[in-house]
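Asks: My structure is below; once you've seen it, I'll send some questions.
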Amino acid sequence: MTLANETYELSITVQPADIDQLGHVNNVSYVRWVQDAAVAHWQAAAPPADQEKLAWVVVRHEIDYKRPAFLGERLIARTWVGSASRLAFRRHTEIVRVSDRVILASAVTTWCPIDAKSGKPTDPGDEIRARFSMAPL
């Protein structure tokens, strides 16, 4: 298990399905990678008991596209949780090209914790908030 409040990294290789009609990575792929990195971080850092009782839904994505990525490039999605309140966790993600460490996109996504059984928003508790966030919202 990784430490929850540390930066987590997910390796990505740009696939043909990621490329749009302009010949570079489609914006939808960046959104998917942001979500994939968040889910992988939660699965790597949260104890199984927490994973069984909590799920997460996105309530807001903000993405800044800085440079294009192309077929076959190796990327890293680097993510961490910044501030958190009772029902809003602000997760930061940077998509970085491995070859030159240039940031291609940066995102801030607001996630809401939900009860895995009922699907309703729930306060995950002080322990989760302290373990996963850098500062209160």
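What follows is calculated from the coordinates using simple rules that are stated; it is not laboratory data. Computed from a predicted structure; not experimentally measured. Please note: Cβ atoms are built from the backbone with ideal geometry, for glycine as well, and neighbour counts cover all protein chains shown.
Asks: Compute the length gained on full extension between GLN15 and ASP115: take 0.36 nm times their separation in residues and subtract their Cα-Cα distance, giving the result in nm to one decimal.
Replies: So the extension gain works out to 32.6 nm.
Asks: For the chain, compute Rh as the Kirkwood radius over C-alpha pairs and then the Stokes-Einstein diffusion coefficient at 37 °C and 0.692 mPa s; write the answer in µm²/s, rounded to an integer.
Replies: The diffusion coefficient I find is 213 µm²/s.
Asks: Take TRP33, TRP42 and order them by how many other Cβ atoms sit within 10 Å, fewest up front.
Replies: Listed from fewest to most nearby Cβ atoms, that is TRP42, TRP33.
Asks: A follow-up question, please. Rounded to the nearest 0.05, what FRET efficiency is calculated for LYS53 and THR7 with R0 set to 30 Å and r the Cβ-Cβ distance?
Replies: With R0 = 30 Å, the Cβ-Cβ based efficiency is 0.75.
Asks: Loop-only trypsin sites (Lys or Arg not before Pro) in the range 1-74, please: DSSP not H, G, I, E or B, and at most 15 other Cβ atoms within 10 Å.
Replies: The qualifying sites are LYS66.
Asks: Hey, got the dipole for the chain? About the Cα centre, +1 on K and R Cβ, -1 on D and E Cβ, debye to the nearest 20? Display every interim value, and only then the final one.
Replies: On the way: 16 positive and 16 negative charges, 35 e Å.
Dipole of the chain, to the nearest 20 debye: 160 debye.
Asks: Moving to a separate point now. For the range 58-134, which chymotrypsin sites (Phe, Trp or Tyr not before Pro) are in a loop by DSSP, counting at most 13 other Cβ atoms within 10 Å?
Replies: Those that pass, being in a loop and sparsely packed, are PHE70.
Asks: Which aspartates and glutamates, on any chain, are close to LYS117 with Cα under 15 Å apart, when same-chain ones fewer than 8 places away are left out?
Replies: Straight-line reach from LYS117, under 15 Å: ASP50, GLU52.
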